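I have placed the structure first, in the form of structure tokens, so that the comments after it can refer back to it.
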Amino acid sequence: MRLRFLKKNLLIILGVSFIIATVMITTRVFIYDEVTGVVAQENMLSDDMAKFQYSSVPELIKSIYNANYKQYVQNADKYPGEPKLVLVIQVHNRPDYLKILIKSLENAAEVHNLLLIFSHDYFSEEINYIVQGITFCKVLQIYFPYSTQLYPSEFPGQDSRDCPRDISKDDALKTGCLNAEHPDSYGHYREASITQTKHHWWWKLHFVWERVQALQGYSGFVVFLEEDNFILPDLYHLFKEMVGYRKSSCTDCDMLALGNHNGLAEFDKLSNKVQTAGWMSTKHNIGMGISREVYYKLMGCNNDFCSYDDYNWDWTLQHLSGTCISKPLKVLVAQGSRVLHTGNCGLHQNKEACRPELALKKAQESVKLAKASLFPQSLALTNADSVEHKAHMKNGGWGDIRDHVLCNNYAKRL
């Protein structure tokens, strides 16, 4: 009797053990399959997305050229089809401000219709990680291949044999420094950190319109932003309204300006107001929309852009408008800005003054106050300023013939 009971218990134990073992094996297989699937997906992404090697400058250069060749568009499977609007963001090395911009983009209406192109001239794992974390729309990263980071001790970086900025030309010729023959209009010699922004901007313009595969056949506008910008939630809505207004009432408008430098003062009165004007550097260089037709006009001025002695791309553009481009560029301007400038440090500011957390708080408070006036149903023209060439005193910093040659060659060596 006891033996029969023991046999029965043994069979029960064996049965339970078999069930537990089966469940464990099944669970293990399931977990293994799940992990395999994730790994396979990660491998698939890694195969498409260029792998960056930061261990040495030669490896980094190789990574950059590989990425620019592959042009991996992240989230393309999630958001198929041609983008309705392309935003190109020039990025240097202010990751905290970049996070603020990305957060504002994430909160924008209909953001899934956008393609974001981040154009980098500084390369780090931190910045790549920030951008690769975007899931709300399609994203492409491109990389300026002539960054001073890649050429730390030779042109286009700062060569130790270059002339010091403030040396006189006579003394420079005596010392035999490399660029002694080519000071700028004010007698100063080049500074690599100053020239890079103009180089990057011109290269980016060419690369986006000529080489980005995702834009082949794209007939819309490209809106240019910078890493320290902050967009309002209705930017895409206003863009559509401005495109419609241009088509019906301003067919000779060359460009769009979705932003201005007035902040959100009187936004409730200006939200649906636009004006037309001749393009000016100090007013229309933020949230600037360029069509392919305008790009071709600028291409025709390649040499003029690259030889004009001003290290600022926007002042150079103002110079071209009405000189090389015979008919001054006309811009349709949003008087209620949809692009804010959050950067309180940068090329022209003290880097010790960087307070991104305060910039974010200020932008969020401004948007909260403007909320009731967003998404206007129609636009109204308030005034039409004269469209004429606005001459200005060049700023210099762009006298070195090596900068001219490199800049001119972007259209050929992309």
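The values are calculated or read from the model by the stated rules, or taken from the named source; none is laboratory data. Computed from a predicted structure; not experimentally measured. Using ideal geometry, Cβ is built from the backbone for each residue, glycine included, and neighbour counts are taken over all protein chains shown.
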Legend entry - the range 105-155, residues that are assigned to a helix (DSSP H, G or I), without any contact (Cβ under 8 Å) to a residue 40 or more places away in the chain and among the acidic types (D, E): E106, E126
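Check whether at least one residue in the range 341-352 is acidic (D, E), modelled with pLDDT of 95 or more and on the phi < 0 side of the Ramachandran plot, and report yes or no. Working first, answer last.
Here is the first cut: in the range 341-352, the ones acidic (D, E) are 352.
Filter again for modelled with pLDDT of 95 or more, leaving none.
No, the range 341-352 contains no residue that is acidic (D, E), modelled with pLDDT of 95 or more and on the phi < 0 side of the Ramachandran plot.
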Inset, instruction - Find all pairs meeting these conditions: Cβ atoms under 7 angstrom apart; at least six residues apart or on different chains; first residue within the range 156-168 and at positive phi; second residue outside any loop (DSSP other than H, G, I, E, B). - result: none
Legend entry - Members of the range 156-182 found to be crowded, with 20+ Cβ neighbours inside 10 Å and either among the aromatic types (F, W, Y) or within 26 Å of the chain's Cα centre (by Cα) (or both), listed by number: P156
Legend entry - Residue in the range 306-345 that is surrounded by the most Cβ atoms within 10 Å (Cβ to Cβ), counting only those that are closer than 30 Å to K361 by Cβ and more than 22 Å from the chain's Cα centre (by Cα): G336
Inset, instruction - Evaluate the following for L264: is it more than 24 Å from D228 (Cβ to Cβ) and hydrophobic (A, V, I, L, M, F, W, C)? - result: no
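Please report, ordered by residue number, the strands (runs of 3 or more DSSP E) entirely within the range 220-290 with at least 2 residues that are among the aliphatic types (A, V, I, L, M).
222-226, 255-257, 273-278, 288-290
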Inset, instruction - Could you grab me the full set of residues in the range 352-373 that are out of contact with any helix residue (DSSP H, G or I) (no Cβ under 6 Å at 6 or more places or on another chain), assigned to a helix (DSSP H, G or I) and surrounded by 14 or more Cβ atoms within 10 Å (Cβ to Cβ)? - result: A359, K362, A363, Q364, S366, V367
